[in-house]
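The values are calculated or read from the model by the stated rules, or taken from the named source; none is laboratory data. Keep in mind that what you see is a predicted model, and the values were worked out from it rather than measured. Quick reminder, even Gly has a Cβ in these numbers, built from the backbone with ideal geometry, and neighbours come from all protein chains shown. In case anyone asks, the SASA skips ligands and DNA or RNA and just uses the protein heavy atoms, side chains included. Shrake-Rupley method; radii C 1.70, N 1.55, O 1.52, S 1.80 Å.
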Amino acid sequence: MLGGKGISKLLRYLSRVVYFLMPAVCIAALTAPMFEVKPPRVVDFTLQNSPTAQKYLIETMPGGVALLDYNNDGLLDIFLVNGGRITSPLLAPENFDRHDPKYWNRLYHQSKDGTFTDVTEQAGLANAGDGNYGMGVAVGDYDNDGYPDLYVTSYGKNILYHNNGNGTFTDMTERAGVAGGGWSVSAGFFDYDNDGKLDLFVARYMIWDTKHNKDCGGSFHTYCPPEDFPATTSILYHNNGDGTFTDVSERSGIAAKKGRALGVAFADYDNDGFPDIFVANDGMQQYLFHNNGNGTFTELGLEAGAALSEDGRRLSGMGVVFQDYDNDGRPDVIVTELPREIYGVYHYDGNGSFSYRSLETGLGALSSGSSGWGVGLEDFDNDGWKYLFVAQSHVLDNVEKIDPSLHYLQLPMLALNHNGRFEQADSGVTQPIAARGAAFGDLNNDGWEDVVVTALGEHPLVLMNHGGKQHWLVISLRGTRSNRDGLGARVIVNGQTRFATTAGSYLSASDKRLHFGLGATTTAKVEIQWPSGIHQTLNDIHPDQFLEVREPEKP
């Protein structure tokens, strides 16, 4: 039996019971599954988290996935972050044996026939360093040369890989000054000062190392809850434009707030022209860093109503998406959490304020027994409303022994969006997994969004959208005064709004292209508010195409 302090902390971690839950009524909105689950060896990769009897906390936290077109051939490729080898016990100095190919990160190139080939070695990505235990990945063209670069986070040293434009990458971490340190998790590129160069935000989880690891749960031996370890600061790097970055965490105000960050997403919620930052914190309040437009940020989560649950409870925030779920033109926030906490929905009401809508949207009922990680809002059926997809699994691999009503392996959540209310849908996945990262994009360029999900100890899930007859439009931005990929732009198509970003979810990076479902509509109006401040309108755009829009040189 558990006793004393151990059971108290564990129960808080497992069962922060919400005082009121709507009845778990699931409306079967679809009769057919949305996705075809590809055979597991389409991408021959196994996420090596190396679980041990020591219950080192890092074991349950990887790993990220990125969808990017690294060689500009028009097809999305897949980059997967691996963990590392952990011995039991792990002796100092910490060494995760990343030279062994079993523990490499992997890059898979997509061919025109839809097959994927492992190009990790020839791309220069084979050795992640023995001192690193892999976590997540961010994607962005930090030098505006037209090729996407990779930033890989770790427990240990982070790595910036510059895309050379010839199918290879070069480790530029030392020159760029972005190694970080400690336990980095999610990261993202964005242009916080609108100077046309992508900056970098790195979320860090806590102050922790294997030497100071704890064993919780008494005879059950479980991973300890986050509040057992000190909070830490995240990092903001400013892009200097010469291939180097400057750590501006202190002077920007980011370092003024310590947290236990796991997820990060960007959007200009108050439409002042500068991107803001939402950080999903584990076991505490959530952070909303408002961009003041002068190089500094002010954390306004509590004041804005986006920090806690409706009854003032802290959240076990893990993944986050910062997009408009109800088509009112304003970005909302959805945060994934542990079971019995329900996923947090923060609706942006305007005037700097958010309201908590988990129950009203139906997501409380759908998520009360779930534990979520990677998350995205995507219009999978092209009807003009964004579905919610969540990669799910409990943190504790022995949770059934502690509470038989909970499950470690879980199915992903797919929720139909019916005018801003979420209803259960069928993803097509039938085998529960320990899912973590999730990235979104159109892998086969058929106009229907697909998903790649990572799973501890298993191959990733490649979920191919069955498609249908509705119309769609996919937009690629080509910045001139703004950063080359237009990250941070607000794009409106027939009344739907998306914010250009590759960040969000958990540890992962999605396709930079912006996907819009058009339903039965046969023409589209496209409005773009570029980071430079330029407004651009395109009328009478034909549907069912991949459209590249170049930013005008002048307003």
Relative contact order, percent, the chain [alpha-carbon distance under 8 Å, six or more residues apart]
16
Excluding ligands and nucleic acids, what accessible area in Å² is computed for Ser88 using a 1.4 Å probe, to the nearest 10?
60
When we measure straight from the Cα of Lys38, which lysines land under 30 angstrom away, once same-chain ones fewer than 8 places off are left out?
Lys102, Lys112, Lys386, Lys469, Lys512
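Taking 51 Å as R0, compute the FRET efficiency from the Cβ-Cβ separation of Glu553 and Asn127 and round it to 0.05.
On the way: r = 42 Å, r/R0 = 0.83.
About 0.75, to the nearest 0.05.
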In nanometres, what is the gap between the two model label sites at Ala32 and Thr521, each 7 Å from Cα along Cα-to-Cβ?
2.5
Using a 1.4 Å probe and ignoring any ligands, DNA or RNA, find the accessible area of Val42 and quote it in Å² to the nearest 10.
40
Diagonalise the Cα gyration tensor of the range 330-486 and give the resulting equivalent ellipsoid semi-axes, square root of 5 times each eigenvalue, largest first, whole Å.
27, 21, 16
Bins of 5 Å, beginning at zero and ending with the bin holding the largest distance: percent of Cα pairs per bin for the range 238-320, please.
3, 15, 23, 24, 18, 11, 4, 2, 1, 0
Given just the C-alpha atoms of the range 189-340, how large is their convex hull per residue in cubic angstrom?
135
Heavy-atom accessible area ranking, 1.4 Å probe, most first, across Glu59, Glu94, Glu423
Glu94, Glu423, Glu59
On average over all directions, what projected area in square nanometres does the range 150-266 have, based on the convex hull of its Cα atoms?
9.1
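What do you reckon, how do His535, His290, His221 stack up by accessible area (1.4 Å probe), largest on top?
Working: His535 130, His290 30, His221 85 Å².
Descending accessible area places them as His535, His221, His290.
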Can you list, largest first and rounded to whole Å, the semi-axes you get for the chain by taking the square root of 5 times each eigenvalue of its Cα gyration tensor?
32, 27, 24
Going 7 Å from the Cα of Asn351 toward and past its Cβ, which residues in the range 254-290 have a backbone nitrogen under 17 Å from where you end up?
270-271
Place a point 7 Å from the Cα of Thr168 in the direction of its beta carbon; the residues of the range 96-137 whose amide N falls under 13 Å from it are 121-126
List the lysines whose Cα sits under 23 Å from the Cα of Lys258, skipping any in the same chain fewer than 8 residues away.
Lys9, Lys157, Lys211, Lys214
Taking every eigenvalue of the Cα gyration tensor of the range 175-238, multiplying by 5 and rooting it, what semi-axes result, largest first, whole Å?
34, 11, 8
Mind giving me the nanometre distance, one decimal, between the label points for Ala53 and Gln545, set 7 Å out from Cα along Cα→Cβ?
6.5
Suppose R0 equals 56 Å; then what is the FRET efficiency for Ala92 and Gln431 from their Cβ-Cβ distance, rounded to the nearest 0.05?
0.90
Whole-percent carbon and sulfur contribution to the accessible surface of the chain (1.4 Å, no ligands, DNA or RNA) stands at 50
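Within 15 Å, Cβ to Cβ, of Leu236, how many net charges do the neighbouring residues add up to if Lys/Arg are +1 and Asp/Glu are -1? Mind showing how you got there, number by number?
On the way: positive: Lys197, Arg204, Arg251, Lys257, Lys258; negative: Asp191, Asp193, Asp195, Asp199, Asp247, Glu250, Asp276, Glu299.
The answer is -3.
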Accessible area (Å², per residue) of the range 374-440, counting only protein heavy atoms and a probe of 1.4 Å
28
Rank Glu337, Glu250 by accessible area, highest first, at a 1.4 Å probe radius?
Glu250, Glu337
Taking N as the number of residues in the range 421-536, the ratio of its alpha carbon radius of gyration to 2.2 N^0.38 Å works out to 1.21
To the nearest 10 square angstrom, what accessible area does Glu378 show with a 1.4 Å probe?
20
Using a 7 Å offset from Cα along Cα-Cβ at Asn445, what residues in the range 49-79 end up with backbone N under 19 Å from the label point?
67-79
What value, in deg cm²/dmol to 500, does the helix sum -39500 (n - 2.57) over DSSP H runs of n ≥ 4 give at 222 nm once divided by the residues of the chain?
-1000 deg cm²/dmol
